[in-house]
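*Asks:* One structure follows; several queries about it will come next.
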Amino acid sequence: MGSCFSRDNESTAKQRQSKRVAAAGGGVGSNRWTRIRSSKRDENRIHEQALAAAILFQQQMENGGVAPFDRSTSLRYPSGNSKRNQTFPRSSSSRARSLTDPLLQPHQLVKQDINVDNLETNHFVLVHGGGFGAWCWYKSIALLEEGGYKVTAIELTGSGIHSFDTNSITSLHQYVKPLIDFFENLADGEKVILVGHDFGGSCISYAMELFPSKVSKAVFTAAAMLVSGQRTLDMFSDKVDSNDLIRQAQVFIYANGNNQPPTAIDFDRALLKELLFNQSPAKDVALASVSMRSIPFSPVLEKLSLSDTKYGSVRRFYIATLEDNAIPIALQESMINKSPPERLFCLKGADHSPFFSKPQALHKLFVEISKIP
């Protein structure tokens with residue numbers, strides 16, 4: 001499993017046929033993927049579609065209209081004229097594409113003969129990380145919907161456009177309440193694929209313990225994947241890798257006074273790009289710089305209580321980000337070794353925000369995981 005993280009041993013790793021490791025976006029350990037280069041035009045199209053949808057939603061809310069989702073969750077359904085049954089030509093060659101090869105469109109990145117209705121579930125639930133909001137998933141939402149999937153992007157308490165004051169959050173349960181509400185309202189017998197990013201990994205772990213029968217698979221994406229009794233703050237205290245950058249970027253907020261414990265953690269905007277978006281497009285960095293909010297401090301300090309019969313019964317998958325400055329590779333590897341998932345996937349060239357830096361490769365992995373029987 002550790003070979004996934006080694007850049008010096010890539011040629012050796014390719015010779016090993018490990019059923020537990022797969023790679024995307026040029027990652028190590030799999031010959032199944034061809035190297036695909038996305039065009040600027042495709043990237044701009046995804047930007048425009050998602051931002052247009054966000055603007056429309058904001059206008060509906062401001063005008064008192066009935067929106068298809070509430071303030072804390074964004075429930076999305078594929079349109080009736082979905083083209084997912086359309087077939088596209090696929091190359092019979094196994095060679096890697098060169099820069100002169102024709103570029104593929106986003107909808108050609110995934111096999112089009114997949115019938116999402118035949119999967120155990122075609123419903124993805126996306127949980128953002130600390131400081132982020134549901135907005136960070138806009139590319140993933142667009143790509144998943146285009147493939148015929150149903151998507152719910154959760155807005156955790158005090159995040160994104162949620163109006164609650166972050167400094168007033170005193171527990172992990174309070175922070176995760178919108179996700180708990182979603183599961184409580186989920187129809188009996190319905191399951192979802194639960195995805196967590198960053199601190200969202202702790203949040204989905206909390207939900208997996210409460211609702212194990214409603215989670216088909218859990219996907220930890222550059223996320224905190226803790227063991228029982230561990231706090232999210234403990235993850236960054238692990239001495240496997242000294243991360244001076246995150247210490248420099250942290251700004252503690254003392255809303256109750258300097259003589260009281262911190263109420264939230266913010267990031268120095270001057271270091272934001274280097275810490276979280278070192279491989280991401282400038283447009284997405286700009287979006288994040290005006291959209292990110294502080295992280296409530298109390299939930300980060302809270303220990304998780306996870307049992308083998310509940311949390312342990314859910315199938316777990318991990319997507320590692322190999323150019324991550326916020327949760328360095330050594331730290332990701334340490335978490336994986338302490339609590340091994342069913343399978344490990346790696347995204348080469350992905351920073352801490354793969355939904356921005358490698359959205360199509362990330363999407364490919366989401367689809368691949370949804371197909372695993």
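*Asks:* Residue 255 versus residue 161, label points 7 Å from Cα toward the beta carbon: distance in nm?
*Replies:* 2.1
*Asks:* By its C-alpha gyration tensor, with a ≥ b ≥ c as the square roots of the eigenvalues, how is region 232-337 shaped: rounded for a/c under 1.5, else prolate for a/b larger than b/c, else oblate? If you can, show how the numbers build up before the last one.
*Replies:* Details: a/c = 1.76, a/b = 1.17, b/c = 1.50.
Verdict is oblate for region 232-337.
*Asks:* Amide H neighbours of residue 295 under 5 Å, at least 5 residues apart or on other chains, H built in the peptide plane: list them.
*Replies:* Those qualifying (amide H under 5 Å, at least 5 residues apart or on another chain) are 265, 266.
*Asks:* For region 269-373, which whole percent of the accessible surface, found with a 1.4 angstrom probe, sits on carbon and sulfur atoms? Spell out each step's value before the answer.
*Replies:* Working: 1900 of 3620 Å².
The nonpolar share, carbon plus sulfur, comes to 52 percent.
*Asks:* Please list, in order along region 163-177, the HN-Hα scalar couplings obtained from phi with the Karplus expression 6.51 cos²θ - 1.76 cosθ + 1.60 (θ = phi - 60°), rounded to whole Hz, x for Gly and Pro.
*Replies:* Whole-Hz 3J(HN,Hα) from phi for region 163-177: 7, 5, 6, 4, 5, 9, 7, 10, 8, 5, 4, 5, 5, 8, 3.
*Asks:* Quickly rank 199-208, 222-231, 320-329, 263-272 as a protection proxy: mean count of other C-beta atoms within 10 Å, highest first. Walk me through the intermediate numbers first.
*Replies:* Values: 199-208: 26.6, 222-231: 20.6, 320-329: 22.8, 263-272: 16.8.
Most protected by this proxy first, the peptides run 199-208, 320-329, 222-231, 263-272.
*Asks:* Sticking with this one: Using modelled backbone amide H atoms (1.01 Å from N, in-plane), which distant-in-sequence or interchain residues come within less than 5 Å of residue 343's amide H?
*Replies:* 318
*Asks:* In addition: ³J(HN,Hα) across region 260-277 via Karplus (A = 6.51, B = -1.76, C = 1.60, θ = phi - 60°), whole Hz, x for Gly/Pro?
*Replies:* 10, x, x, 9, 7, 10, 10, 10, 5, 4, 5, 10, 4, 4, 5, 7, 10, 9
*Asks:* Stretch residue 301-residue 190 to full length: gain in nm at 0.36 nm per residue minus the Cα-Cα span?
*Replies:* Working: separation 111, 0.36 × 111 = 39.96 nm, distance 3.22 nm.
Here the segment from residue 301 to residue 190 would lengthen by 36.7 nm.
*Asks:* Suppose all protein chains stay in the model; what accessible area per residue would a 1.4 Å probe give for region 183-268, in Å²? Don't skip to the end; give the middle numbers.
*Replies:* Numbers: 3590 Å² over 86 residues.
Per residue, region 183-268 has an accessible area of 42 Å².
*Asks:* With just the Cα atoms defining each centre, how far is region 150-195 from region 274-292? Give it in Å.
*Replies:* Using only Cα atoms, the two centres lie 24 Å from each other.
*Asks:* Would you mind getting me the FRET efficiency between residue 168 and residue 234? Use the beta-carbon distance for r and R0 = 22 Å, nearest 0.05.
*Replies:* Values: r = 24 Å, r/R0 = 1.10.
With R0 = 22 Å, the Cβ-Cβ based efficiency is 0.35.
*Asks:* Any idea what the relative contact order of region 244-370 is, in percent, if you count C-alpha pairs under 8 Å spaced at least 6 apart?
*Replies:* Details: 158 pairs, mean separation 31.2, N = 127.
Across region 244-370, relative contact order equals 25 percent.
*Asks:* Pop the C-beta distance of residue 270 and residue 213 into the FRET formula with R0 = 56 Å and round what comes out to the nearest 0.05.
*Replies:* Values: r = 46 Å, r/R0 = 0.82.
With a Förster radius of 56 Å, E is 0.75.
*Asks:* Continuing with the same structure: Show me, for region 325-333, the HN-Hα J-couplings you get by feeding each phi into the Karplus relation (A = 6.51, B = -1.76, C = 1.60, θ = phi - 60°), rounded to Hz, glycine and proline as x.
*Replies:* 9, 8, 10, x, 4, 4, 6, 4, 5
*Asks:* For region 167-260, what relative contact order do you get, as a whole percent, if you take Cα pairs closer than 8 Å and at least 6 residues apart? Please list the in-between numbers first.
*Replies:* Details: 75 pairs, mean separation 22.2, N = 94.
Worked out over region 167-260, it gives 24 percent.
*Asks:* Please calculate the 1.4 Å probe accessible area of residue 181, with all protein chains present, and give it to the nearest 10 Å².
*Replies:* Approximately 50 Å² for this residue.
*Asks:* Rounded if a/c is under 1.5, else prolate if a/b beats b/c, else oblate: with a ≥ b ≥ c from the C-alpha gyration tensor eigenvalues square-rooted, which is region 283-347? Provide the component values of the computation, followed by the final result.
*Replies:* Values: a/c = 2.23, a/b = 1.38, b/c = 1.62.
Oblate, since a/c reaches 1.5 and b/c is not below a/b.
*Asks:* Can you list residues whose amide H is under 5 Å from residue 315's amide H, if they're 5+ apart or on another chain and H is modeled 1.01 Å from N?
*Replies:* Under 5 Å from the amide H of residue 315 lie the amide H atoms of 218, each far enough along the sequence or on another chain.
The values are calculated or read from the model by the stated rules, or taken from the named source; none is laboratory data. Since this is a predicted model, take the numbers as computed values, not measurements. Because the Cβ atoms are built from the backbone with ideal geometry, glycine has one as well, and the counts that use them run over all protein chains shown. Note: accessible area is taken over every heavy atom of the protein model, side chains too, but ligands, DNA and RNA are not part of it. Shrake-Rupley method; radii C 1.70, N 1.55, O 1.52, S 1.80 Å.
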